[in-house]
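Working notes, structure below.
Please treat every number below as a calculation from the coordinates, not as lab data. All figures in this text were calculated on a predicted structure; none of them were measured in a lab. Here the Cβ positions follow ideal geometry from the backbone for every residue, glycine too, while neighbour counts run over all protein chains shown.
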Amino acid sequence: MNILESIKQKKVEEVAFLKSICSIKSLEKSGFFESKTISIKQSILFSKTGGIISEFKRKSPAKGNINLDANVISITTGYVDAEVAALSVLTDVTFFGAKPDDFFLARENNKIPILRKDFIIDEYQIIQSKTLGADVILLIAKILTHQQMHNYTNLAHQLGMEVFLETQNETEILSVLDIDFDLIGINNRNLNSFEVSIENSIKLAKLLPESSIKIAESGIQSVETIKLLKQNGFNGFLIGEYFMKEQNPAEKCKELIQQLL
């Protein structure tokens, strides 16, 4: 069993437990469910600082522990001060070390679009995402059926959220072109081998319509890489580890953005 299959199996167990302790009706009466969302698509399109989506995460299966004791408020508000286009906050506890209130604290303290970064395998998680205050959800093509992607995208849109659809290869990209996603991510990292290939992402981006809002994910470690990807049609860049491995992630983010300007 590879890591993605392990994560998916764990999510099935997690969602079953959540459903047993909190109904959908209860979710719809709590948190930020009635709050208006902020468009990440518009924020990326009109970004004056490079379309950076800065990520808050504590660890990952690929890199192990990154910054376990990171302060979510100081880092995310620091990212916003650096004028990023949006935030991404991990909510997976088992594999990414998220704390239960990470997303809540990020939402409470920031007024820019926030992506809920998790492994969504059930409609329950989409409703939960709205309750958490997410503006956009992540759907991963590799772990969902075509019908699930359609249904989950429609539900997210009904709730006022946008959809960030993550792909990794030609087959996945060609299979999702009829889905009404808002952003499409191309993961530079192979989720089976964890190898990173920027060249592969550039090749895959050419399969997408020019109108697609293309986001590069994983393994982005330099201004030169961002500029190369931008020249090849990418609109935004999801960056986590490059910032989070530093003692001051927000300052690293600010430095990168200043080099892009």
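With contacts taken as Cα pairs under 8 Å at a separation of at least 6 residues, the chain carries a relative contact order of 21 percent.
Taking the beta-carbon count within 10 Å as an exposure proxy, list TYR79, TYR242 from fewest neighbours to most.
Working: TYR79 28, TYR242 20.
The most exposed by this proxy come first: TYR242, TYR79.
Counting only helical runs of four or more DSSP H residues, what would the 222 nm mean residue ellipticity of the chain come to if each run contributes -39,500 (n - 2.57) and the total is spread over all its residues? Don't jump to the answer; show the numbers that get you there.
Details: 12 runs with 109 residues, N = 261.
That comes out to -12000 deg cm²/dmol.
With 10 angstrom as the radius, rank THR49, THR167, THR145, THR131 by how many other C-beta atoms surround their C-beta, starting from the fewest. Don't skip to the answer; put the middle values down first.
Values: THR49 16, THR167 25, THR145 9, THR131 21.
Ranking THR49, THR167, THR145, THR131 by Cβ neighbours within 10 Å, fewest first, gives THR145, THR49, THR131, THR167.
In which sequence would ASP178, ASP92 go, from the one with the fewest C-beta neighbours within 10 Å to the one with the most? Don't jump to the answer; show the numbers that get you there.
On the way: ASP178 9, ASP92 20.
With the sparsest Cβ surroundings first, the list reads ASP178, ASP92.
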